1. Checking residue 36 against (1) modelled with pLDDT of 80 or more; (2) in contact with a Ser or Thr (Cβ under 7 Å, 6 or more places away or on another chain); (3) not small (Gly, Ala, Ser), only one condition comes out false. Which one?
2. Every residue in segment 51-69 that is surrounded by 13 or more Cβ atoms within 10 Å (Cβ to Cβ) and more than 13 Å from the chain's Cα centre (by Cα), please.
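The values are calculated or read from the model by the stated rules, or taken from the named source; none is laboratory data. Since this is a predicted model, take the numbers as computed values, not measurements. We place every Cβ from the backbone using ideal geometry, glycine too, and count neighbours over all the protein chains shown.
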Amino acid sequence: MLFDKALALSSPLVGAITSHIWAFTSLAFLVTTLSYVFYQRFFSPLAKIDGPFWASISPFWRLIQFRKGTFHETILALHQKYGPLGALQHGSGTGLSEGE
């Protein structure tokens, strides 16, 4: 009988938590994503190197260029825009020598 009373009291709490689980999960995902982007753009060691925004936070822009078949043209255009050293992928820089 004591167990039934405890279960009856906890039931509204359990219902409230499960009804808001998607809100909590979405908020956690949003905070994590924004923290990652903020770190990559402002505190990463490569944040000082110029380059496209999407390249500074994710490598997926490269997949899109590969799929279009224009990756080589995009790399050359980015080197013309940003110079011989540019951040073309998060976590790494790339460079061209003067002769290339």
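1. (2)
2. Selection gives 51, 52, 62, 65.
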